[in-house]
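The values are calculated or read from the model by the stated rules, or taken from the named source; none is laboratory data. Computed from a prediction, not measured in an experiment: that's the story for all the values here. Methodologically, a virtual Cβ is constructed for each residue, glycine included, from the backbone with ideal geometry; neighbour enumeration extends over all protein chains shown.
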Amino acid sequence: MFGIGPEELVLILIIALIVLGPERMPKVARDIGRVVGDLRRTSDELREEFLNADKLLDKAADAAAPPTEAIPATTQASEPATIPGETAFDREMRDARERLKREREA
């Protein structure tokens, strides 16, 4: 966590408790937790927007590109559609790698 060890974290918490006092410390901790949660949600939304924009661009490029020959069924069947524990980001990255690999081979 930001290169801070447990000893440094305890020291920071003790100093914060002395400066803020036991009355204001829970409110400050709640506010910090709320801000961190908002930042995470915003980060997730931004990442999803980038992934969706990539999909929209791919669809537009596919619609504008001339039709190409189909990929052999053996290539499609050899790779699983999803891997257990795989996130949407991991799946998109795997698909992008496969797409680039196919383009280089063609």
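Confirm whether residue 104 is part of a helix (DSSP H, G or I) and either surrounded by 10 or more Cβ atoms within 10 Å (Cβ to Cβ) or at pLDDT below 75 (or both).
For residue 104, the condition - part of a helix (DSSP H, G or I) and either surrounded by 10 or more Cβ atoms within 10 Å (Cβ to Cβ) or at pLDDT below 75 (or both) - is not met.
Does residue 7 satisfy the condition of being free of Cβ contacts under 8 Å to residues at least 12 places away in the same chain and exposed (fewer than 10 other Cβ atoms within 10 Å of the Cβ)?
yes
Report yes if residue 65 is modelled with pLDDT under 70, hydrophobic (A, V, I, L, M, F, W, C) and either surrounded by 10 or more Cβ atoms within 10 Å (Cβ to Cβ) or touching a helix residue (DSSP H, G or I) at 6+ places or on another chain (Cβ under 9 Å) (or both), otherwise no.
no
Out of the residues in region 68-87 that are of a type in the set (Val, Ile, Thr) and farther than 18 Å from residue 102 by Cβ, which is modelled with the lowest pLDDT?
82
If a residue has to be farther than 16 Å from residue 88 by Cβ and not basic (Lys, Arg) to count, how many in region 33-50 make the cut?
Result for region 33-50: 7.
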